[in-house]
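Input: a single structure, listed below in structure tokens.
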Amino acid sequence: MNQIKSMQENILYISFYDFPNQSYKRVSSVAAVSQVDYVSNVLLDIGLQVKIVSPSWYDDSASFAKYTASKTTSIKNKLNLVFAPSFGTKNKFIGYIKILFSLFWLFFFLIKHAKKNEKILVYHSPWLALPILLAKKIKKFQLILDVEEIYADVSSLHPYFDKLEQKIIQNADSYLFSTEFLPKKIKTTKPYAVFYGNYKVFPKLEQPLNDGKIHVVYAGIIDTEKLGAFNAIETALFLDENYQIHIIGFGETELLQTRIDEINAQSKCKIVFDGQKFGDDYIRYCQMCHIGLSTQKMEGNFVETSFPSKILSYLSMGLQVVSGYVSVVAQSKIANNVTFYTTDSPESIAQAIKNTSFTSSSVEKMKELDDDFKTELTQILLHK
């Protein structure tokens, strides 16, 4: 308790952030917002007051939005959100000005509000590197950088941004990493904590179906790049009538449905595509199943630097998980809660589904990880 009292009382948390169902959307990522929400609640549990600072600008869909001044909103007790000012435009050149305007605003916000040696948490994005680095140099605050992935490894914006990304990573004072691989990659000796994502346990809203079948779900983006949903449906050809596969998500749905129809015409294991689910409907849908699939292809730089968030979602809802054998998962603390396959072939995935054990408690593991992260984050906040 005395240690916690020695921490700063307030913390700024900088990230692209937006509320759902806004009249005009700002640039943000659903995964990032979920992560920020989770970490903010952990900071509140530790005893801090949190101010999320969102430099997000209006996205292209908000081209008719009028100028909106910076606004502070109370999310709940001791948790506030500050939006950068922004405006909409159809003009491409003015669109660049809109982005620069938000980044300049962030710089001057930090110049005004940041204090020497205070700890400021930043969700890593190459866009934010320059204003953060310049403000840090002037105000001498301590930067805790939440690094979910190395963007240059996944999809380089521009060589200039790649250099900025490396510079902000090198200049951080401590880190939150999404995998055990990342601190090894950047070869840091500075304090850090590894957490894979949102450990929040979902409420129990539905029981698994009890119709004699094992119900398997893939929930997520449907695309032909990472192939997760497409790999999932191909397994039906190697499963029998004791299994049923459920797909929910968004993306290349017409192509997926065409292939589902072809497979259902010849397979005893049937596939159901039920579109996109949100909120409690999403939780109920997944919880009626027994196994969650994380079946994105096992090649590409992204598989070594980012932790598949859907695995955590499945575990937090009480499902067993089948995943490709990628090192970030296989070497993680939840490896014992996952059944792995070693090749992207449908036969291999189907065999992993058949081999799945229902003995371990995934929910208890998530609670354990949540407690461990609170302890590790507290130590970073106390570090001088």
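Here are the numbers:
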read-out	value
Among (1) open to solvent by 40 Å² or more (accessible area, probe 1.4 Å); (2) out of contact with any Leu (no Cβ under 6 Å at 6 or more places or on another chain); (3) over 30 Å from residue 191 (Cβ atoms), the one test that residue 367 misses	(3)
Criterion violated by residue 93 - all others in (1) over 27 Å from residue 61 (Cα atoms); (2) open to solvent by 50 Å² or more (accessible area, probe 1.4 Å) satisfied	(1)
Test result for residue 66, basic (Lys, Arg), out of contact with any helix residue (DSSP H, G or I) (no Cβ under 8 Å at 6 or more places or on another chain) and outside any strand (DSSP E or B)	yes
Residue identified as in contact (Cβ under 8 Å) with a residue 60 or more places away in the chain, touching a helix residue (DSSP H, G or I) at 6+ places or on another chain (Cβ under 8 Å) and open to solvent by less than 20 Å² (accessible area, probe 1.4 Å) among 86, 56, 34	86
Qualifying residues in the stretch 20-58 (those that are assigned to a loop (DSSP other than H, G, I, E, B) and under 24 Å from residue 202 (Cβ atoms)) - the one farthest from the chain's Cα centre (by Cα)	21
Residue 339 being modelled with pLDDT of 95 or more and in contact with a helix residue (DSSP H, G or I) (Cβ under 9 Å, 6 or more places away or on another chain)	yes
Filtered residues of the stretch 325-336 (kept if part of a helix (DSSP H, G or I), in contact with a helix residue (DSSP H, G or I) (Cβ under 9 Å, 6 or more places away or on another chain) and either exposed (fewer than 15 other Cβ atoms within 10 Å of the Cβ) or among the hydroxyl-bearing types (Ser, Thr, Tyr) (or both))	327, 335, 336
Residue within the stretch 307-321 that is of a type in the set (D, E, K, R), buried (at least 22 other Cβ atoms within 10 Å of the Cβ) and in contact (Cβ under 8 Å) with a residue 24 or more places away in the chain present	yes
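The values are calculated or read from the model by the stated rules, or taken from the named source; none is laboratory data. Keep in mind it's a predicted model, so treat the numbers as computed, not measured. Don't worry about glycine lacking a Cβ; one is built from the backbone with ideal geometry, like all the others, and counts go over all protein chains shown. These accessible areas exclude ligands, DNA and RNA; they are computed on the full protein's heavy atoms, side chains included. Shrake-Rupley method; radii C 1.70, N 1.55, O 1.52, S 1.80 Å.
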